[in-house]
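Colleague: Just dropping this structure here.
The values are calculated or read from the model by the stated rules, or taken from the named source; none is laboratory data. Note that the coordinates shown come from a computational prediction; the quantities given were computed from them, not determined experimentally. Note that we place each Cβ from the backbone using ideal geometry, even for glycine, and neighbour counts take in every protein chain shown. SASA here: full protein model, heavy atoms, side chains in, ligands and nucleic acids out. Shrake-Rupley method; radii C 1.70, N 1.55, O 1.52, S 1.80 Å.
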Amino acid sequence: MVATGTWITQPVAFTSYQVTLGRIALVGLVALGLTAVILMGELDLSVASTLAVAGVVMASIDNLALGIIAALVVGLLIGAANAFLVVVVGINSFIATLGMLFLLRGLAFVISDEEPVRLSNIDAGISFGKPLIGEFTPRILLFIFTFIVMHLFLTRVRVGREFYAVGGNRQAARDAGIPVRRRIFTGFMISGLVAAGSGVINALERTAADPTAGSTVLLSSFAAAIVGGILLNGGRGSVFGTLLGATSLGILQVALTLSVVQVDVQNIIIGSVLFIAVISDPNSIRAVSGSVRSFLRGGSVLSKPSVDPKEATNNG
Amino acid sequence: MDNHRKESKITPFRVLSLGLVVAASLLFAACGGDDSDDSSSGSAASTATTTEAAATTEAAAQYEVFALLPQGNDQPYGTTYLPPMMAKADELGINLNITNSQYDADKQASECEVAVAANPDLIILWPAVGDTVRPCLEAAKDAGIPVTVTNSDVNPEDKDLTEAYSGPDTYGQGAASGELMCEFADGQDIGIIMVNGLTGNSTAIDRENGFEDTINEQCANVTILARQPGNWNKDDSQLAASEMISAVGAENIQGAYAADDTMVAGVIDALKARGIDPADMIITSIGNTFLGNPLVVSGELDGTVFQSSSWDGEHAVTVAHQVLTNDPAARIVEFMPSVKVTADNADDSSVAPEW
């Protein structure tokens, strides 16, 4: 429907498909990494700051290859640190990664001396932003690659499939012998790695690393995951859903930009899409209709839940 | 595994609901672009082109121009920058397509890609982060689209990729504020606190350098005791100033500099909260805004530097029009005059605040 509407009103979004794909990849890449964490019922609010720190680390190292490796290692370490706080220390992932969000943002400013860090090899960055195969830039190709890897991991690899079990019912997963702690570590490290990869791509494409980068990425990537049907409580969703969410948001954003809709109105429209995506979920509909029935019968909604609270608490 | 059965279900209701919202949004978007003459709403969308607007203008729209801005009606400056820009565009027959990246460099880069794909006659760029616009400029050059810069100039090595710049001399503004500080210090040894703009922002960096270089050159008797970012925000600035007063001791501070009037208001409030009369301090700023000008008149702010948002918005379009019509051989540079405003001239109509 998004595609059809856009085709009618803004066909440029399709004739210049590489631009639209670039926008989808911008939002979708971080969202793919987040999916791994959300599937286990956890949150990672530090992805945007991880993106900023990784970019700054990469740009601060003159050797490009070494910089990229260092940035990706930093992403893995940040993911491990988040998991440590959640699994070992026992802090709620919302709070742990919120703290990490501020810590990393400050760290990005300190490392960059509070200024954007330009790449030592700007030409390499400009080349990176140009199409590599057909009209596909490296960002788009890396997004497709990450999507395939994540899809195979979550559907074909035992460790990945166990993410659903950890998110669906953690105690049952433990009882079934699944090493829940290790899975959570893995999920956070994937999220950190992918966010760092996004930071590297952004810094390369912009030829500089901005310590304030990613200010709109966090909410967009969560929105992509939610629109794509990932349940924030964990246990349900797929990277296909995330891809669908990122595609919908990406096409919508490009169409709205081409239509010269001001940013405030864009946010209203995107927020509306998000709400519709959530409330049109079958579980939400069952929960709401059950509550309405209960209310009409004169009973208390709170005292007589008509559905399983776990099912009713739907965020995606 | 049971989990696979729990994956997201796509129901007809869900598809229909989403589809209706998206279709309505896109229809609204398509119509929104044709409803631009409502400048009272202040909407950036309203700056867009319309058949009605074109009909009321002297010249029929001849040029398609994308304006990639980092702010719009979400900021006081943008609110008063846009209407003169729109009016001048209507007058000169320019269809303006305005975006607002909210100072997100990645978002602006993406908007630039969209703009290049739309193949306009020209792009007006206000860089969100000056260091990151090179690829955008290269892409526009490859597509044969001229780029002019407004408000904050690009880096020196990127200037040959642009046709013009109009806007404040941000370094010069900092220098002018520094000159005011030196004049008011009048040779006395004083210590000051410094509140800068958003960290990493090119205007913030230029103003800080302009101010600091000037006091280093012209009045070594002025010492910067502490500095912190105030993020162009009064509350952040008040907090930053309060922390600096605690850190260096109120008794050691005889003055303050803030990179704009919004933040200097925060500094003044922080001083008052500590029982310090700002009139006894030497305080300078930049802007001469609706907030700053009364502070100059009341004597709480010793001096500021006038920045005219209407000049800025209007000249962004006139300079773009020059490029479109004259194909100038050399890069056009038009600096906004950096007029110093003190108690002596704060009431003059020539420096009446605009934002």
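Colleague: Take the conditions within 11 Å of chain B (Cβ to nearest Cβ), touching a residue at least 40 places away in the same chain (Cβ under 8 Å) and open to solvent by 30 Å² or more (accessible area, probe 1.4 Å) and apply them to A:F240. Does it pass?
Modeller: The answer is yes for A:F240.
Colleague: What are the residues in the stretch B:168-199 that are of a type in the set (V, I, T) and assigned to a helix (DSSP H, G or I), if any?
Modeller: B:T170 - this is the single residue of the stretch B:168-199 that is of a type in the set (V, I, T) and assigned to a helix (DSSP H, G or I).
Colleague: Okay, moving on. Name the residue that is most open to solvent (accessible area, probe 1.4 Å), counting only residues in the stretch B:252-275 that are among the aliphatic types (A, V, I, L, M) and part of a helix (DSSP H, G or I).
Modeller: B:A273
Colleague: With the requirement that a residue be assigned to a helix (DSSP H, G or I) and crowded, with 24+ Cβ neighbours inside 10 Å, what does the stretch B:287-304 give you?
Modeller: B:G292, B:V296
Colleague: Still on this structure, I have one more. Tell me which residues, restricted to the stretch B:118-134, are at pLDDT 90 or above and either under 22 Å from the mean Cα position of the chain (by Cα) or facing another protein chain (nearest Cβ under 7 Å) (or both).
Modeller: B:L122, B:I123, B:I124, B:L125, B:W126, B:P127, B:V133, B:R134
Colleague: For B:T223, indicate whether it is open to solvent by less than 60 Å² (accessible area, probe 1.4 Å) and of a type outside the set (F, W, Y).
Modeller: Judged against the criteria, B:T223 is not a match.
Colleague: Follow-up question, since we're still on this one. Select from the stretch A:243-258 the residues that are hydrophobic (A, V, I, L, M, F, W, C) and either at the interface with chain B (Cβ under 10 Å from one of its Cβ atoms) or open to solvent by 20 Å² or more (accessible area, probe 1.4 Å) (or both) and list them in ascending order.
Modeller: Within the stretch A:243-258, A:L243, A:L244, A:I251, A:L252, A:V254, A:A255, A:L256, A:L258 meet the criteria.
Colleague: Scan (1) open to solvent by 20 Å² or more (accessible area, probe 1.4 Å); (2) among the small types (G, A, S); (3) closer than 28 Å to B:P84 by Cβ for the single condition B:A175 breaks and write down its number.
Modeller: (1)
Colleague: Find the helices (runs of 4 or more DSSP H) located wholly in the stretch A:147-254 whose residues include 1 or more that are within 15 Å of the chain's Cα centre (by Cα) and not hydrophobic (A, V, I, L, M, F, W, C), and list them.
Modeller: A:180-206, A:217-227
Colleague: Spot the failing condition for B:V147; the list is (1) modelled with pLDDT of 95 or more; (2) assigned by TED's automatic domain parsing to the domain that holds B:M281; (3) crowded, with 24+ Cβ neighbours inside 10 Å, and only one is missed.
Modeller: The one condition B:V147 does not meet is (2).
Colleague: Out of (1) in contact with a helix residue (DSSP H, G or I) (Cβ under 8 Å, 6 or more places away or on another chain); (2) open to solvent by 30 Å² or more (accessible area, probe 1.4 Å); (3) not in a strand (DSSP E or B); (4) not small (G, A, S), the odd one out for B:V317 is which?
Modeller: Condition (2) is where B:V317 drops out.
Colleague: Of the residues B:A115, B:A89, which is within 12 Å of chain A (Cβ to nearest Cβ), touching a strand residue (DSSP E or B) at 6+ places or on another chain (Cβ under 6 Å) and part of a helix (DSSP H, G or I)?
Modeller: Exactly one of B:A115, B:A89 is within 12 Å of chain A (Cβ to nearest Cβ), touching a strand residue (DSSP E or B) at 6+ places or on another chain (Cβ under 6 Å) and part of a helix (DSSP H, G or I), namely B:A115.
Colleague: Look through the stretch B:87-110, keep the residues that are of a type in the set (D, E) and at pLDDT below 90, and return whichever of them is nearest to B:T150 (Cα to Cα).
Modeller: Restricting to residues being of a type in the set (D, E) and at pLDDT below 90, the top hit is B:D104.
Colleague: Here are some residues: A:V200, A:V159, A:V217, A:V149. Which one is more than 9 Å from chain B (Cβ to nearest Cβ) and crowded, with 19+ Cβ neighbours inside 10 Å?
Modeller: Just a single option satisfies the conditions, and that option is A:V200.
Colleague: Return yes or no: is B:V154 in contact with a Phe, Trp or Tyr (Cβ under 9 Å, 6 or more places away or on another chain) and either polar (S, T, N, Q) or in contact (Cβ under 8 Å) with a residue 12 or more places away in the chain (or both)?
Modeller: Judged against the criteria, B:V154 is a match.
Colleague: Which one is nearest to the other protein chains (Cβ to nearest Cβ), of the residues in the stretch A:93-125 that are touching a Leu at 6+ places or on another chain (Cβ under 9 Å) and more than 30 Å from A:A83 (Cα to Cα)?
Modeller: A:G125
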